[in-house]
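Notes follow the structure.
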Amino acid sequence: MNVVRKNNMKRIFLTLSGVTKRDRNQVISDINAAISASGGWIVNHTSFSNIAITLQMELPRNGLEKFQNHLSLAEVVLQDESCKDLQKMALKQSLNSEDIKTALNVTFIHDEPDVRRQVVAVPG
């Protein structure tokens, strides 16, 4: 968990890491559903072939526990430090339902070859 101060305003970044052995496409769909069910939204994403994905999102503080439960149901196993940071953040009470900037890195464990995509040459 990172806290950055800028102009006396505290911005909180929560970084989570996990792994899964489930089908990549199904897990991505389940994570999307977990974000929506928690009241959050995706800001950006990056796929690394079929090896990993990184999602940047914003989640309301009061939806963090629900998000963690949904990840567990999707069989995304968070690292111990990620679990601790997520639980610590969820326990902090706040008068407003502030949104927490969150990054989730998921590594897919499988025996499949890398996904290769043909990149079309752009003239110019």
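Failed condition for G39, given (1) free of Cβ contacts under 8 Å to residues at least 12 places away in the same chain; (2) surrounded by 14 or more Cβ atoms within 10 Å (Cβ to Cβ), with all others met?
(1)
Restricting attention to the range 43-63, report how many residues are under 11 Å from the mean Cα position of the chain (by Cα) and in a helix (DSSP H, G or I).
Residues meeting the conditions: 0.
Can you pull out the residues in the range 103-121 that are surrounded by 12 or more Cβ atoms within 10 Å (Cβ to Cβ) and either assigned to a loop (DSSP other than H, G, I, E, B) or at pLDDT below 95 (or both)?
The answer is H110, and nothing else.
Those residues that are among the acidic types (D, E) and within 19 Å of N25 (Cβ to Cβ), I need them from the range 46-98; list them, please. Spell out how you get there, then give the answer.
Of the range 46-98, the ones among the acidic types (D, E) are 58, 65, 75, 80-81, 85, 98.
The one that is among the acidic types (D, E) and within 19 Å of N25 (Cβ to Cβ): E75.
The values are calculated or read from the model by the stated rules, or taken from the named source; none is laboratory data. What you see is a predicted model, and the numbers here were worked out from it, not measured in a lab. FYI the Cβ positions are ideal-geometry reconstructions off the backbone, even for glycines, and counts take in every protein chain you see.
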